[in-house]
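Asks: The structure that follows is given in the form of structure tokens.
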Amino acid sequence: MPKTNDRPDCGGIKWRHRLSVRLGVVFSVFSVLIFGMTLGYNYYQARNMITAKMEIQARNLVSATAGRVETVVASVTALTESMALSLELFPFNNTHLLDFIKISVLSHPDVFGSAVAFEPSVNGRFQGPYAPYYYRTRSGTEFINLADNFDYMCRDWFQIPKELGKTEWSEPYYDEGGGNILMATCSVPFYEVQNNQKRFSGIVTADISLKRLTDIVSSIKVLKTGYGFLLSRNGTFLAHPRQDIIMNESLFSLAEARGSRELRDIGRRMAAGESGFIPFQTFAGVQSWMYYAPLQHVGWTLGVVFPEDELFSDIRTLTMTMAAMGFGGVLLLMIVVVFIAKSVTNPIRALAAASDKIAGGDFEARLPESRSKDEVGLLTRDFQVMRDSLKDHIQLLTETTAARERMESELQIAHDIQMSILPKTFPPFPTRDEFDLFALIIPAREVGGDFYDFFQLNDNLLCFVIGDVSGKGVPAALFMAVTKTLIKSFAKEDVTPEEILSHVNEELAAENDACMFVTLFCGFLNTSNGEIHYANAGHNPPLVVNKNGTVKWLPRAKSLVAGAMPGIRYEGEHLKLLPGDSLFLYTDGVTEAMNHDDDLFSEKRLEKDLAFSAGLEIKDTLHNVMGSIQQFSDGAPQTDDITMMMIRYSG
Amino acid sequence: MNIQTRQAGRATVIAVFGKVDAMTAPAFETSVSDLIAEGQLCLAIDLGGVEYISSAGLRVILAAAKALKAKDGMLLLANARGPVQEVFEISGFGSVFNLYDSVEAALETAG
């Protein structure tokens, strides 16, 4: 057996071909497939649901935060606008003005500072540019005249509301002249009405510290690392967990740096005051989702960002847990399937192993126990029955074979006995020079019915006989033995051959239910003169061969075979052999010997062979004829006994 | 060997074809003895198709003749040709059985 990786106890079946393994593998693969698909679908749906839910949450969060920011912004706007209105409606001197500004700053906690910047060209009350500014300090307020520090009239917070004639929030900026903090300014123009003419008089400003607003935004915490951010109108970061980009980077500068068209588009939509919920990659490269919405008064954008990982971390954990449980379950199931399959295939394997032994001839091989009532148990029981009947059959066959062999050997013995009753000693009468006799019998495989015999009736009278019993086998052999015995008992010197045949016929025909018969040629040779007195009962006519090779057939007998029916009279015939002449007697096994084409050896070939053999010893002649027959039949099976007898009269 | 039987008046004609030897004779014997057992008393055996007949075949004919004779029936042989006729002559069967040249001639005898 070649060395393989297969386990030796598999009954020659490779482990991967075993039913249990195949069943287990197929089952597992399909289970995993179905489970994986379900899990995948579940994950996908849960993700969508969570995303949708998150959008709502983000929107709520943003709108809530926006509300808080807007409250601050709106109150500051309202304060500024009411200051402007007061300046338009009520007369004031410088002391009033300064008190008014100071009180406004102190009364409003969200206001860092406030200024009233007058338009110098039209101002009659104050000389030159005048812009009193109060701002909050730790101890109270500080006053400066902005006009002392810089030319305020060029500033955006002055220019833009003046030109537009309406309230305006500035872009956030660092107030270097005033509080040196990040702030945004609400600017409201105010006017002086004289003669029904409205003249621009100046700008009231209120500064709001962005710290308060960014604190609100920074207080946003989403999941673990989610955060809020605030963008100004032009996309500059006002609030962001990364302090370094506040006021230093804008969405557009980041889009430029990253080369991201997408980010720029987002920036544009924000600037247009839209809101949205989009997937988004943070500066740290974390895949996230972002919700953004505008702040109405200031045109800023408030947004929240939450990392996808954290967003989906719960369902990921859930999915992983489910997968682990699922695969664990499949594994368990596979073990169970393999176990069940094994419990089915183990008896089959045992049965296969037993059947291998039985196939090898070991009928005592133990079959596995078949207690179960399932198909395998049924198979095992059937197999048991089959094994038993096979065993019985083989035993019977063995006995039959033995019996047949015994019978064959008995037939062989019968055959040997049959042959032994024929005279076999040649020359039979070595002291007699006046005649010679030789006989040859080649029995067919079965016991046949051919025979010959010769014996001296007296010194000058030789009785010879050749016969062929109908059929083959033991009946023919017995019939032949009886015939031979009868002839010998009837043959006397004062009896003629025709009388012998008549006697034999009567004896054989009586009680011959099997209707067997025998052809007989019986003759007496007078050894002193070569005269032959013979009678023929249905036997093939013999031939007379003279020393020159002339061959002559004796006339056909036309009298019935012996044993067929009683009351037959046989005719005696006479023949005289000249010195050197021979009488050749044979049975039809000679002329009816066949070759492979079923052609007969025929009388013609016999005649030719005899003529060719003239002058040879009779023994050699018969062997020549036999050789010729064997050459003719060329190995074709011999179906009948071949018997030849030749008597030569020498004178 | 092949055997065909047909009814012709009160006689049954058995036409035999091929070789009748020790191997085929039992089948020949069975069909003949079956007919006799059925009560057929006149059998005409047509030997025209027989190529060769051995002593075993002759025995079947002899047994049939004896069985029919015991029942007062008769066996007719017709159409023996060539080697078959020779066998009948040599064995002397020709002298105890009537051999007819044709089935018709045999049936005429049977009446």
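The values are calculated or read from the model by the stated rules, or taken from the named source; none is laboratory data. This one's a predicted model, so the numbers in the text were calculated from it and none came from an experiment. Positions of Cβ are backbone-derived with ideal geometry, glycine not excepted, and every protein chain shown enters the neighbour counts.
Asks: Is one or more of the residues making up the range A:508-521 closer than 23 Å to A:Gly580 by Cα, of a type in the set (Phe, Trp, Tyr), surrounded by 16 or more Cβ atoms within 10 Å (Cβ to Cβ) and within 14 Å of another protein chain (Cβ to nearest Cβ)?
Replies: Within the range A:508-521, one or more residues are closer than 23 Å to A:Gly580 by Cα, of a type in the set (Phe, Trp, Tyr), surrounded by 16 or more Cβ atoms within 10 Å (Cβ to Cβ) and within 14 Å of another protein chain (Cβ to nearest Cβ).
Asks: Would it be correct to say that A:Asp433 is acidic (Asp, Glu), surrounded by 18 or more Cβ atoms within 10 Å (Cβ to Cβ) and over 52 Å from the mean Cα position of the chain (by Cα)?
Replies: No; evaluated as a whole, the condition is false for this residue.
Asks: Here's something else I'd like to know. For A:Asp468, state whether it is on the phi < 0 side of the Ramachandran plot, outside any loop (DSSP other than H, G, I, E, B) and within 12 Å of chain B (Cβ to nearest Cβ).
Replies: yes
Asks: Continuing with this model, one more query. Which residues, taken from the range A:549-599, are in a loop (DSSP other than H, G, I, E, B), away from every other protein chain (no Cβ under 14 Å) and over 22 Å from A:Asp609 (Cβ atoms)?
Replies: Scanning the range A:549-599 gives a single hit, A:Pro579.
Asks: Among A:Tyr534, A:Tyr570, which is the only one that is modelled with pLDDT under 95 and more than 60 Å from the chain's Cα centre (by Cα)? Give the steps one after another, and end with the answer.
Replies: Values: A:Tyr534 fails: modelled with pLDDT under 95.
Criteria check complete, one pass: A:Tyr570.
Asks: Would you confirm, using the coordinates I've provided, whether A:Ser82 is surrounded by 15 or more Cβ atoms within 10 Å (Cβ to Cβ), modelled with pLDDT of 85 or more and not assigned by TED's automatic domain parsing to the domain that holds A:Trp289?
Replies: The answer is no for A:Ser82.
Asks: Answer yes or no: is there a residue in the range A:118-130 that is touching a residue at least 40 places away in the same chain (Cβ under 8 Å), touching a strand residue (DSSP E or B) at 6+ places or on another chain (Cβ under 7 Å) and assigned to a loop (DSSP other than H, G, I, E, B).
Replies: Taking the range A:118-130 as the starting set, the residues that turn out to be touching a residue at least 40 places away in the same chain (Cβ under 8 Å) are A:118-119, A:122-123.
Among the residues that remain, those that are also touching a strand residue (DSSP E or B) at 6+ places or on another chain (Cβ under 7 Å) are: A:118-119, A:122.
In the following step, the residues that additionally are assigned to a loop (DSSP other than H, G, I, E, B) were identified as A:119, A:122.
The answer is yes; a qualifying residue exists.
Asks: Out of curiosity, is A:Glu369 loosely packed, with under 12 Cβ neighbours inside 10 Å and of a type outside the set (Ser, Thr, Tyr)?
Replies: The answer is yes for A:Glu369.
Asks: May I pose another question? Has the range B:38-50 got at least one residue that is among the acidic types (Asp, Glu) and without any contact (Cβ under 8 Å) to a residue 24 or more places away in the chain?
Replies: Step one: list which residues in the range B:38-50 are among the acidic types (Asp, Glu), which gives B:38, B:46.
With without any contact (Cβ under 8 Å) to a residue 24 or more places away in the chain added as a condition, the list becomes B:38.
The answer is yes; a qualifying residue exists.
Asks: Next question. Only one residue in B:Lys66, B:Lys19 is over 11 Å from the mean Cα position of the chain (by Cα), within 14 Å of chain A (Cβ to nearest Cβ) and assigned to a strand (DSSP E or B). Which one?
Replies: On inspection, the qualifying residue turns out to be B:Lys19.
Asks: More than 21 Å from A:Met419 (Cα to Cα), touching a Lys or Arg at 6+ places or on another chain (Cβ under 9 Å) and surrounded by fewer than 24 Cβ atoms within 10 Å (Cβ to Cβ): which single residue out of A:Leu606, A:Leu543 fits that description?
Replies: On the way: A:Leu606 fails: touching a Lys or Arg at 6+ places or on another chain (Cβ under 9 Å).
The unique qualifying residue is A:Leu543.
Asks: If you don't mind, there's one more thing I want to ask. Can you tell which of B:Arg59, B:Arg10 is among the basic types (Lys, Arg), touching a helix residue (DSSP H, G or I) at 6+ places or on another chain (Cβ under 9 Å) and within 11 Å of another protein chain (Cβ to nearest Cβ)?
Replies: Of B:Arg59, B:Arg10, the one residue that is among the basic types (Lys, Arg), touching a helix residue (DSSP H, G or I) at 6+ places or on another chain (Cβ under 9 Å) and within 11 Å of another protein chain (Cβ to nearest Cβ) is B:Arg59.
Asks: So B:Ala80 ticks every box in (1) over 11 Å from the mean Cα position of the chain (by Cα); (2) under 20 Å from B:Ala106 (Cα atoms) but one. Which box is left unticked?
Replies: (1)
Asks: Right, another one. Name every residue in the range A:458-485 that is of a type in the set (Ser, Thr, Tyr) and closer than 23 Å to B:Val20 by Cβ, in order of residue number. Show your work before the answer.
Replies: Filtering the range A:458-485 for residues of a type in the set (Ser, Thr, Tyr) gives A:470, A:483, A:485.
Hit for the range A:458-485 is A:Ser470, nothing else.
Asks: Of everything in the range B:69-97, what is in a loop (DSSP other than H, G, I, E, B) and away from every other protein chain (no Cβ under 14 Å)? Give them in sequence order. Step through it out loud before you land on a result.
Replies: In the first step, residues of the range B:69-97 are kept if they are in a loop (DSSP other than H, G, I, E, B); the result is B:71-73, B:79-81, B:92, B:97.
Selection gives B:Lys71, B:Asp72, B:Gly73, B:Asn79, B:Ala80, B:Arg81.
Asks: Taking the conditions exactly as written (surrounded by fewer than 19 Cβ atoms within 10 Å (Cβ to Cβ) and in contact with a Ser or Thr (Cβ under 6 Å, 6 or more places away or on another chain)), does A:Ser275 satisfy them or not?
Replies: no
Asks: Report, by residue number, each residue of the range B:98-111 that is assigned to a helix (DSSP H, G or I), surrounded by fewer than 21 Cβ atoms within 10 Å (Cβ to Cβ) and either of a type in the set (Gly, Ala, Ser) or in contact (Cβ under 8 Å) with a residue 12 or more places away in the chain (or both). I'd like the intermediate steps shown before the answer.
Replies: Our first condition is that a residue be assigned to a helix (DSSP H, G or I); within the range B:98-111, this holds for B:103-110.
Right, trim to surrounded by fewer than 21 Cβ atoms within 10 Å (Cβ to Cβ) and you get B:104-105, B:107-110.
Of everything in the range B:98-111, those that are assigned to a helix (DSSP H, G or I), surrounded by fewer than 21 Cβ atoms within 10 Å (Cβ to Cβ) and either of a type in the set (Gly, Ala, Ser) or in contact (Cβ under 8 Å) with a residue 12 or more places away in the chain (or both) turn out to be B:Ala105, B:Leu107, B:Thr109, B:Ala110.
Asks: On the basis of being buried (at least 18 other Cβ atoms within 10 Å of the Cβ), touching a helix residue (DSSP H, G or I) at 6+ places or on another chain (Cβ under 8 Å) and facing chain B (nearest Cβ under 9 Å), does A:Ala535 make the cut?
Replies: Against the criterion (buried (at least 18 other Cβ atoms within 10 Å of the Cβ), touching a helix residue (DSSP H, G or I) at 6+ places or on another chain (Cβ under 8 Å) and facing chain B (nearest Cβ under 9 Å)), A:Ala535 does not qualify.
Asks: Of the residues A:Gly615, A:Gly627, A:Gly635, which single one is more than 30 Å from B:Phe93 (Cβ to Cβ) and either within 60 Å of the chain's Cα centre (by Cα) or not assigned by TED's automatic domain parsing to the domain that holds A:Phe438 (or both)?
Replies: Numbers: A:Gly615 fails: either within 60 Å of the chain's Cα centre (by Cα) or not assigned by TED's automatic domain parsing to the domain that holds A:Phe438 (or both); A:Gly627 fails: either within 60 Å of the chain's Cα centre (by Cα) or not assigned by TED's automatic domain parsing to the domain that holds A:Phe438 (or both).
Of the residues listed, the single one that is more than 30 Å from B:Phe93 (Cβ to Cβ) and either within 60 Å of the chain's Cα centre (by Cα) or not assigned by TED's automatic domain parsing to the domain that holds A:Phe438 (or both) is A:Gly635.
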